1. Count charges around Leu341 for me, please; just the other residues with Cβ under 14 Å from its Cβ, Lys/Arg as +1, Asp/Glu as -1.
2. Can you pull a Stokes-Einstein diffusion coefficient for the range 57-114 at 25 °C (0.890 mPa s), Rh from Kirkwood over Cα pairs, as a whole number of µm²/s?
3. What order do you get for Arg411, Arg430, Arg361 when you list them from fewest to most C-beta neighbours inside 10 Å?
4. For the pairs Lys63/Lys104; Lys286/Lys380; Lys104/Lys249; Lys69/Lys104, flag any whose C-alpha to C-alpha distance is greater than 26 Å.
5. Quick one: Phe357, Phe387, Phe92, fewest Cβ neighbours within 10 Å first, how do they rank?
6. Applying a 10 Å radius around every beta-carbon, put 339-351, 59-71 in order of their mean neighbour count, most first.
7. Just grab the label-to-label distance for Ala131 and Ala219, each label 7 Å out from Cα along the Cβ direction, in nm (one decimal).
8. Could you list, bin by bin from short to long, the percent of Cα-Cα pairs of the range 276-339 in 10 Å steps?
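Rule-based calculations on the coordinates, nothing more; no lab input. Remember, predicted model here, so these are calculated numbers, not experimental data. FYI the Cβ positions are ideal-geometry reconstructions off the backbone, even for glycines, and counts take in every protein chain you see.
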Amino acid sequence: MRAPGLPVPLGLTHVFGGLYAAAYGLGGQQLVADVVRRMGPVVALPVLGYGPVVAVGDPTLAKQVFSAKPDVLLGGEGVGPAAAIYGSRSMFVQEEPEHLRRRKLLIPPLHGGVLDGYVPIIEAATRTAMAQWPQNRPIRMLDAARELTLEVIVRIMFGVDDPAEVARLGEPFEELLTLALSDETPVRYAARRLGALRMWGRLGAVNRRIDDTVLPLIAARRADPGRPAGILGMLVDARGEDGEGLSDKQIRDDLVTLILAGHETTATTLAWVVDLLLHHPEALRKVAEEARDGGTRYTEAVVNETLRLWPPAPITGRMTAGRYQLGDYTLEPGTRIVLLLDVINRDPASYPDPDAFRPDRFLGQRPPASAWVPFGGGLKRCIGAAFAMCELTTVLHTLLREGRLEPVDSRPERPRGRAGPVLVPRNGTRVRFSRAVTGADQDSADALADSRPGNLRR
């Protein structure tokens, strides 16, 4: 029996497809997600400059893609425009076996007991940030979280504490992130594949600033192995099974990958978590209780449910190395498979009432296989997932122990109208912040009240 042809949504002309692919900020993602929900599980898209593209929003097919052999579906080729930002030597854009070799070298600083050592750094950075936030005036939690998570990741990556040095080291990475989130990046990627816009002066200038910042630190660590240098030092010292270490360029590009990936996505998730908690008082009460008592079970369930509803990086991809059978469909070599993680995470067969916020889904049970994929899956699954959970839990607990948050908007957030590589809340999660009253603060307030003439307190 002949395989069925891939459905192509009517109205998505090649011209529109080109615009969508090239400027991924024209509302394309939400449009495609709706199309896949209606026509799925696999939909062919006309994408100028990207070659053949199919969008997938089904957990079963996602499992097939994630479990495919790396020489059948290429993970490095599948990341598309990200390759230009992270750098050609980044672990993220490598194919096997190099990707796996590099991944093993990056795992130790981001998993296991080493995470406990980061908790005081995260707590201190959160307290410093809270001290600078205006009280009882609207602030955008997304903006505040971006500043906070950049400080955290810079402190941990480079092993620095001085605020001025943190700011100096973070500045070029912030510039690069701004460029990565702009519409220009996917436009440039598509244009390069079509043979145009090969020179990108802004990217080159930012990368030179990063080189000027990072390469001297790598050289200093190589010259003085005992020099404290955070995760950078661990990467310089790392050796594979063959005794081979990482080159300066590899370390540099991996640092870029870890900083950018660990900064914006964590900040965005924090903004979504805060928004959902402020509009679900019972969940907020339970997380606040764990913040005081030291538990994490329910807090982690809240974070997992938030990631299910609003995965910060809503797409991931693979590219076919040859002809490939995806479910009932035959894909040609060079076809880009785009997995819509936000659609997969809301699979109605896996989650009753999939659009509702229900952290209890994650209490005492694992998420359905391949239906909870905010970190991707397979060999390319996000290497920083455990670190992200540690950071989010620590920041939330510090905020709720030592501060108070109130929503500015009566309705929960929705994604912004213009899509992008990160799924951000439309209004940035507007909140009012105030510092919590500590026991010492209350004692002082009581003493002041008692000293006032005409005091009526009993």
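1. +4
2. Result for D is 190 µm²/s.
3. Arg411, Arg430, Arg361
4. As for pairs spanning more than 26 Å Cα to Cα, those are Lys286/Lys380.
5. Phe357, Phe387, Phe92
6. Listed from highest to lowest mean packing, they are 339-351, 59-71.
7. Here the answer is 3.5 nm between the modelled labels.
8. Binned Cα distances yield the sequence 18, 29, 17, 15, 17, 4.
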